[in-house]
Amino acid sequence: MEGKPSTLKDLIMTKEIEKLALEMIVNAGEARSLVFEAIQFASEGDIQQAKEKIQESYKTSDGAHKLQMELLTMEARGESPGSSVLLVHAQDILMATCTERDLAQYIIELFSRIDALENKD
């Protein structure tokens with residue numbers, strides 16, 4: 001929805017989209033924090049805790065993915081959510097979190113290998 005909402009229905013839709021976007025931001029942001037906690041644990045040698053944080057981040061980001069699917073479903077029904085900076089920001093945080101989590105899993109694996117080599121003796 002570009003500009004100001006023109007009808008009550010548009011206003012309600014705008015508020016609903018804002019609410020969904022904010023929920024996505026919260027869920028994705030929390031998942032992202034867990035990813036960075038995982039890297040920290042791995043850097044300290046606690047690989048098991050790091051892997052648990054990664055799994056926790058998947059569960060947390062599921063909420064954001066469900067909200068994203070809700071928005072896609074609305075669009076498929078012809079109830080286009082339109083575009084908003086808040087919605088774009090929510091999508092950006094979710095995708096960044098997914099990418100960072102993928103990279104974090106490699107980082108955790110590297111720390112695991114380093115730990116194994118250092119404790120080989």
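The values are calculated or read from the model by the stated rules, or taken from the named source; none is laboratory data. From a predicted model like this one, the values you see are computed outputs, not experimental measurements. Please note: Cβ atoms are built from the backbone with ideal geometry, for glycine as well, and neighbour counts cover all protein chains shown.
Would you say ALA50 is part of a helix (DSSP H, G or I), within 25 Å of TYR106 (Cα to Cα) and among the aliphatic types (A, V, I, L, M)? It is true that ALA50 is part of a helix (DSSP H, G or I), within 25 Å of TYR106 (Cα to Cα) and among the aliphatic types (A, V, I, L, M). Do the conditions hold for ASP46, that is, is it among the acidic types (Asp, Glu), over 17 Å from the mean Cα position of the chain (by Cα) and at pLDDT 95 or above? Taking the combined requirement at face value, the residue satisfies it. Is at least one residue of the stretch 69-79 more than 16 Å from LYS19 (Cβ to Cβ), outside any helix (DSSP H, G or I) and modelled with pLDDT under 90? The answer is yes; a qualifying residue exists. Can you pull out the residues in the stretch 37-51 that are in contact (Cβ under 8 Å) with a residue 12 or more places away in the chain and either closer than 17 Å to ASP102 by Cβ or surrounded by 14 or more Cβ atoms within 10 Å (Cβ to Cβ) (or both)? Answer for the stretch 37-51, where residues must be in contact (Cβ under 8 Å) with a residue 12 or more places away in the chain and either closer than 17 Å to ASP102 by Cβ or surrounded by 14 or more Cβ atoms within 10 Å (Cβ to Cβ) (or both): GLU37, ALA38, ILE39, PHE41, ALA42, GLY45, ILE47, ALA50, LYS51.
Among the residues of the stretch 80-97, which ones are part of a loop (DSSP other than H, G, I, E, B) and within 14 Å of LEU67 (Cα to Cα)? Correct list: PRO81 only. Name the residues in the stretch 75-121 that are closer than 20 Å to VAL26 by Cα, of a type outside the set (A, V, I, L, M) and either within 14 Å of the chain's Cα centre (by Cα) or loosely packed, with under 12 Cβ neighbours inside 10 Å (or both), would you? Answer for the stretch 75-121, where residues must be closer than 20 Å to VAL26 by Cα, of a type outside the set (A, V, I, L, M) and either within 14 Å of the chain's Cα centre (by Cα) or loosely packed, with under 12 Cβ neighbours inside 10 Å (or both): SER83, HIS89, GLN91, ASP92, THR97, CYS98, THR99, GLU100, ARG101, ASP102. It is to be established whether one or more residues within the stretch 19-39 are assigned to a helix (DSSP H, G or I), farther than 30 Å from ASN119 by Cα, at pLDDT below 90 and not aliphatic (A, V, I, L, M). Checked the stretch 19-39: at least one residue is assigned to a helix (DSSP H, G or I), farther than 30 Å from ASN119 by Cα, at pLDDT below 90 and not aliphatic (A, V, I, L, M).
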